[in-house]
C-alpha cells in the first residue's frame with residue numbers, strides 16, 4: 001500500500017514531513033495521489049504549505065501519465081527508445097540542440113489547393129526495395145542519402161543495393177567529429193569526392209564497434225568500385241522550408257535532417273516513437289516545452305495533400321531506416337480517421353508539413 005509513497009521518499013521527491021501526512025491519507029498509486037491533491041487541496045493545505053501541495057500534485061500527474069504510457073506500451077509493444085538517431089545539427093541550425101519547442105512555425109507559402117500528390121517509391125517497391133535497418137548506429141544520414149541515390153539511378157528491374165557503410169565512412173572522413181552521427185553536407189561531399197560502391201563491396205554492420213565509429217578503413221575493392229561512381233551534382237540547403245522541400249521533391253527523392261523532441265524530464269520516448277503513432281509511421285507534433293534532444297534523417301519519397309493535416313497542406317511520405325518495426329501496421333486507413341496513415345508499407349511513414357516548416361535542418365538533393 002505504501003510502495004508508491006516510499007518510492008517518492010527514497011528518490012527525494014517528498015520529505016519526511018510530507019510522507020507522514022500523505023501516508024495517513026493512504027493513496028496507493030500516482031492516480032490516487034493526484035486525485036487527492038486535486039479534490040482535497042484545502043484539506044492538505046491545512047498541514048502542508050500550498051506550494052508543496054502544488055509540487056506534489058505535479059509529481060503525481062507526471063507519474064500518472066507515465067503509468068498510462070507504460071500500460072499502452074505493454075499492449076502495443078515497446079518502440080525503439082530515442083532512436084537510433086544520427087543527424088547532427090549544422091552550425092546555425094534552427095531549432096538548436098536543447099532548444100524548447102514554443103509553438104508551430106510560420107505557415108508555408110503553399111496551400112493544399114496548389115499541391116499535388118508525389119510518388120517516388122511505388123515503382124521501386126514493386127520491384128523489391130526493402131527498407132534498411134541502421135541497427136544501433138547513428139547512420140541515418142547515410143541511409144537517407146543512399147535511398148535517394150538508389151531511386152535516382154534505378155532504370156528498371158530490381159533496384160541495386162548500395163553501401164550505406166561506404167557513404168557513412170566517407171562522410172566521417174570529412175566532418176571532423178569523432179562521435180557518431182554526421183550531416184548531409186558531409187555525406188554529399190563524400191559522394192562527390194569518393195563516390196559510392198555496392199552493398200556487396202562493403203556490407204553494412206548495424207553493431208557498434210568499440211573504438212571505430214566509421215568501421216573503416218574500407219576494403220580496397222570497395223574504394224576502387226566507388227571511384228567509378230563519383231557524383232557530380234546535388235546540393236544541400238540548411239534551414240529550409242516545407243515549400244522548398246516540396247519543390248525539390250517534384251524533381252526526385254530528397255534526404256532531410258530534422259530535430260527530434262522529447263520531454264526534458266524523460267527522454268526515453270520522443271516525438272518519433274510515441275506508442276500508438278509509431279506503429280503507423282506517424283511522426284508526432286512536438287509538444288509545447290519539449291526540447292530538441294537530437295536529430296534524425298530520412299528520405300522523403302512522396303507527398304500526400306490532406307486538409308486535415310495541422311497546416312492544411314499535407315504529409316511528406318518518408319522512408320525510414322529503422323527496419324519494418326517503424327510503421328509496422330501499415331498500410332492503414334488514409335485520411336479523416338484517428339489513424340490517418342499514408343505510409344505505403346512497414347518501414348515508411350509520414351511527417352507533417354507543419355512540423356517540417358521552419359524546423360528543417362537540412363535538405364539534400366542529388
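The values are calculated or read from the model by the stated rules, or taken from the named source; none is laboratory data. Please read all numbers here as calculations on a predicted model, not as lab measurements. Glycine also receives a Cβ, built like all others from the backbone with ideal geometry; neighbour counts cover every protein chain displayed.
Sort out which residues of segment 123-134 are surrounded by fewer than 13 Cβ atoms within 10 Å (Cβ to Cβ) and more than 16 Å from residue 162 (Cα to Cα), and write them in order of number.
The answer is 126, and nothing else.
Considering every residue within segment 110-124, establish whether at least one is assigned to a helix (DSSP H, G or I), in contact (Cβ under 8 Å) with a residue 12 or more places away in the chain, within 29 Å of residue 312 (Cα to Cα) and in contact with a strand residue (DSSP E or B) (Cβ under 7 Å, 6 or more places away or on another chain).
Yes, that holds for at least one residue.
Can you tell me which of (1) more than 26 Å from residue 205 (Cα to Cα); (2) in contact with a helix residue (DSSP H, G or I) (Cβ under 8 Å, 6 or more places away or on another chain); (3) modelled with pLDDT of 95 or more is the one residue 309 doesn't meet?
Against the list (1) more than 26 Å from residue 205 (Cα to Cα); (2) in contact with a helix residue (DSSP H, G or I) (Cβ under 8 Å, 6 or more places away or on another chain); (3) modelled with pLDDT of 95 or more, residue 309 comes up short only on (3).
In segment 277-318, how many residues are assigned to a loop (DSSP other than H, G, I, E, B) and either under 15 Å from the mean Cα position of the chain (by Cα) or buried (at least 24 other Cβ atoms within 10 Å of the Cβ) (or both)?
Step one: filter segment 277-318 for residues assigned to a loop (DSSP other than H, G, I, E, B), giving 277, 281, 283-290, 306-313.
The next check asks that each one be either under 15 Å from the mean Cα position of the chain (by Cα) or buried (at least 24 other Cβ atoms within 10 Å of the Cβ) (or both); those that pass are 277, 281, 283-287, 290, 313.
Number satisfying all stated conditions: 9.
Working only within segment 252-276, note down all residues that are more than 30 Å from residue 235 (Cα to Cα) and part of a loop (DSSP other than H, G, I, E, B).
Once the filter is applied, which keeps residues that are more than 30 Å from residue 235 (Cα to Cα) and part of a loop (DSSP other than H, G, I, E, B), segment 252-276 yields 264, 265, 267, 268, 269, 274, 275, 276.
Here are 167, 153: which of them is assigned by TED's automatic domain parsing to the domain that holds residue 297 and in contact with a helix residue (DSSP H, G or I) (Cβ under 7 Å, 6 or more places away or on another chain)? Show your work before the answer.
On the way: 153 fails: in contact with a helix residue (DSSP H, G or I) (Cβ under 7 Å, 6 or more places away or on another chain).
Sole residue among the options that is assigned by TED's automatic domain parsing to the domain that holds residue 297 and in contact with a helix residue (DSSP H, G or I) (Cβ under 7 Å, 6 or more places away or on another chain): 167.
Give segment 218-238 a look and list any residue that's in contact (Cβ under 8 Å) with a residue 40 or more places away in the chain and either within 27 Å of the chain's Cα centre (by Cα) or part of a loop (DSSP other than H, G, I, E, B) (or both), or say none.
If we filter segment 218-238 for residues that are in contact (Cβ under 8 Å) with a residue 40 or more places away in the chain, which is where we start, we get 218, 222, 226, 231-238.
218, 231, 232, 233, 234, 235, 236, 237, 238, listed by residue number.
Mind telling me which of the residues 173, 183 ends up being crowded, with 23+ Cβ neighbours inside 10 Å and out of contact with any helix residue (DSSP H, G or I) (no Cβ under 6 Å at 6 or more places or on another chain)? Spell out how you get there, then give the answer.
On the way: 173 fails: crowded, with 23+ Cβ neighbours inside 10 Å.
Selected residue: 183, the only one of 173, 183 that is crowded, with 23+ Cβ neighbours inside 10 Å and out of contact with any helix residue (DSSP H, G or I) (no Cβ under 6 Å at 6 or more places or on another chain).
Suppose we filter 264, 253, 286 for residues that are touching a strand residue (DSSP E or B) at 6+ places or on another chain (Cβ under 7 Å) and modelled with pLDDT of 90 or more; which single one remains?
Being touching a strand residue (DSSP E or B) at 6+ places or on another chain (Cβ under 7 Å) and modelled with pLDDT of 90 or more holds for just one of 264, 253, 286, which is 253.
Looking at segment 342-357, is at least one residue more than 20 Å from residue 241 (Cα to Cα), assigned to a loop (DSSP other than H, G, I, E, B) and in contact with a helix residue (DSSP H, G or I) (Cβ under 6 Å, 6 or more places away or on another chain)?
Going residue by residue through segment 342-357, those that are more than 20 Å from residue 241 (Cα to Cα) are 342-348.
From the residues that got through so far, the ones that are assigned to a loop (DSSP other than H, G, I, E, B) too are 342-347.
Filter once more, so that each one left must be in contact with a helix residue (DSSP H, G or I) (Cβ under 6 Å, 6 or more places away or on another chain): 346-347.
Within segment 342-357, one or more residues are more than 20 Å from residue 241 (Cα to Cα), assigned to a loop (DSSP other than H, G, I, E, B) and in contact with a helix residue (DSSP H, G or I) (Cβ under 6 Å, 6 or more places away or on another chain).
Considering only segment 163-217, state which residues are free of Cβ contacts under 8 Å to residues at least 40 places away in the same chain, in contact with a strand residue (DSSP E or B) (Cβ under 8 Å, 6 or more places away or on another chain) and at positive phi.
none
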